[in-house]
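What follows is a single structure, written as structure tokens, with notes after it.
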Amino acid sequence: MRILLTAINAKYIHSNLAVYSLKGSAGKYEPMTELAEYTINHQMEEIFAGIYRKKPELLLFSCYIWNRREVVETAESIKKVLPDVKIWAGGPEVSYDAKRFLKENPAFDGVMIGEGERTFYRLLEYYVDGIGTLEELSGVAFRERAHSAGLIAGFISEQAETSVAGKSGGCEVTAGCDAQIGRVSAEEIRLLPPAEPMKTLDELPFVYGDLQKFENRIIYYETSRGCPFSCSYCLSSVDKRVRYRSLDLVKKELQYFLDKRVKQVKFVDRTFNCSHARTLELWRFLRDHDNGVTNFHCEISADLLNEEELELLGTLRPGLLQLEIGVQTVNRDALAAIHRTAPFEKIAEHVNRVQGSHNVHQHLDLIAGLPYEDFESFRHSFDTVYALYPQELQLGFLKVLKGSEMYLRAQEYGIVYRSTPPYEVLQTRWITCGELLRLKEIEEMLEIYYNSLQYRNTMHAAEALFARPIELYEALADYYKEESLGGKSYSRMQRIEILRGFLHREVKKQNVFPEKYFDELLTLDLYLRENAKSRPAWSGDQEPEKEMAIGFYQREEEAPHYLKPMAQTHSWKQLLRMTHLEHFHTLAREGEFFGYAPQAQLYLLFSYEERDPLTGDAEIVEILRDHMAECL
């Protein structure tokens, strides 16, 4: 039997752990089970053609909010040309209301519900070897057809088709005919209770034996299932049991990733640090076995971090660990409504503590559209969390997921949301649709100018032009609208030009800083990220500095001081091409950033051989003015 597990991912760099885990659980049926992965960016015709050419007899889709449309449309087309194929779906988007999904999508023969590894194996036993019946299989909803249930008569024009819904013997009946008299097919959709979840995750297969198929893609790795918390918008809150993969097995598998020097491993555990002893042991293992290359991403609750964990985090190689922290809001009423009990003050304390070591990338999340949070309250939440200066601040929007408490209480909260995936909030009793659309504009500016980490010094300085951080992003969004800049694709240099135009406009309004200050900040941010071959027209002519720069590099070749390792193996001309030397007139260091200092005369050397693992910035060295003067 030809069995095809199909995933349609959000991006190419993603992989679908679910289908790999199902294939790994297929036992003796694994050789006949094939995987097909696509992305939502593929043309629908391409996905359809790829599946059709494989001619599956049993076709299964992994379904989520980001791919439901593609899954449903593809299945419908496949069923038309391969009418005998059995099509099943699984995943959070279909398993909560499986009976309704099957009723609305007749191309599907069944839905796997809940934890799928054991159920999938038993499904293969049924379809491949004829073992058992679907009625005996827990954890599924399936379509049962009873052909030739009866006759129906009615006036129907020649070659017309129709469908009549009725009841027959307690079953849902769908009747179709293409003449005046046709034969009815009775159909019943059965919903069976979920299977008992496995007691230990050691039963799960390790799916990364062949890493070639994951080249240039994120490795998703699972060490636990379940979550002890009850966040009302999250499906993980439905099952509060937390089950673990044994530590010895986890360490063995982590060592495999380290030995293979994979780029990134992303733990899919919902709250990685819900067990202090386990968290400490795993983070110590990663520290002690660090290969200098692999990065690990964990989703944690920052308030749970204890002193021992905080101290350990401070000892890690910069870039070894990324922490994703869901703050969501600082509004206490909203936090109570979504069952988040952690005080923001404690989260902020721990985020600042980790930030102080500058060795762990922190990604903080906010959610707009929560109960009890109006527009001004969210602006306050934004400013408060922004002030922590994480490496990434994600402004997300509430999604009312089927099966979550928020789904059940949406009417009570006056939450209006899209009826199709991703079921995103449109308005609530507290925030209007127009205000949420305004936040969408701010989100876009935040992604471009903050989360890209490409304009860090410029944006930090630009905050001084506004009373509060969110006003900076509101003004940027307005500038894009006023200049008709939205909805277009831009190069990085074009984005810099747009930001420069915006800042010059604001400087002229307020007359706080000279335009040259922001021009130099933009030049600084440009060279921090790339060794640009041509200078921006506005960045100033450094031809007068050329003789001094050449003297600097010649001196480094003869008697290395600032470029010791590189100068041992490269000529001064090679050093000049591999690095960049820039003279700034208005900048001075201010801790992590650069600030305004008239007539500062700062010389910075940008070395692209080494980069900051958290920001991607080139290593910079300040060259003493006296040293530069001697290079003439």
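The values are calculated or read from the model by the stated rules, or taken from the named source; none is laboratory data. Note that the structure is a prediction, hence the values are computed from the model and not measured. We place every Cβ from the backbone using ideal geometry, glycine too, and count neighbours over all the protein chains shown.
For the criterion of being on the phi > 0 side of the Ramachandran plot and not aliphatic (A, V, I, L, M), Gln601 passes.
Please indicate, with yes or no, whether at least one residue in region 551-558 is surrounded by 19 or more Cβ atoms within 10 Å (Cβ to Cβ) and under 40 Å from the mean Cα position of the chain (by Cα). No, region 551-558 contains no residue that is surrounded by 19 or more Cβ atoms within 10 Å (Cβ to Cβ) and under 40 Å from the mean Cα position of the chain (by Cα).
Taking region 206-225 as the range and being in a loop (DSSP other than H, G, I, E, B) and either in contact with a Phe, Trp or Tyr (Cβ under 9 Å, 6 or more places away or on another chain) or more than 30 Å from Val425 (Cβ to Cβ) (or both) as the test, the residues that pass are Phe206, Val207, Tyr208, Gly209, Asp210, Glu215, Asn216, Arg217, Glu222, Thr223.
So, in region 592-632, of the ones that are within 30 Å of the chain's Cα centre (by Cα) and outside any strand (DSSP E or B), which residue ends up farthest from Tyr553 (Cα to Cα)? I'd like the intermediate steps shown before the answer.
Just the residues of region 592-632 that are within 30 Å of the chain's Cα centre (by Cα), to begin with: 592-593, 608-619.
Okay, now just the ones that are also outside any strand (DSSP E or B), so 592, 612-617.
Details: Glu592: 27, Asp612: 23, Pro613: 26, Leu614: 29, Thr615: 27, Gly616: 25, Asp617: 22 Å.
Residue satisfying both the conditions and the ranking: Leu614.
All of (1) under 30 Å from Leu393 (Cα atoms); (2) more than 38 Å from the chain's Cα centre (by Cα) hold for Asp541 with one exception: (1).
Annotation note: of Glu619, Glu558, the sole residue that is of a type in the set (D, E, K, R), at negative phi and free of Cβ contacts under 8 Å to residues at least 12 places away in the same chain is Glu558. When the criteria are applied in full, Ala588 fails the requirement of being in a loop (DSSP other than H, G, I, E, B) and closer than 29 Å to Gln355 by Cβ.
Is it fair to say Lys546 is within 22 Å of Leu602 (Cβ to Cβ) and in a helix (DSSP H, G or I)? Reasoning before the result, please.
Numbers: within 22 Å of Leu602 (Cβ to Cβ): yes; in a helix (DSSP H, G or I): yes.
Considered against the rule, which asks whether it is within 22 Å of Leu602 (Cβ to Cβ) and in a helix (DSSP H, G or I), Lys546 comes out as yes.
Among the strands (runs of 3 or more DSSP E) confined to region 348-434, the ones with at least 3 residues that are surrounded by 20 or more Cβ atoms within 10 Å (Cβ to Cβ) and hydrophobic (A, V, I, L, M, F, W, C) are located at 361-368.
Filter region 106-120 down to residues that are assigned to a helix (DSSP H, G or I) and at pLDDT below 95 and give me whichever is nearest to Ile189 (Cα to Cα). It comes out as Thr119.
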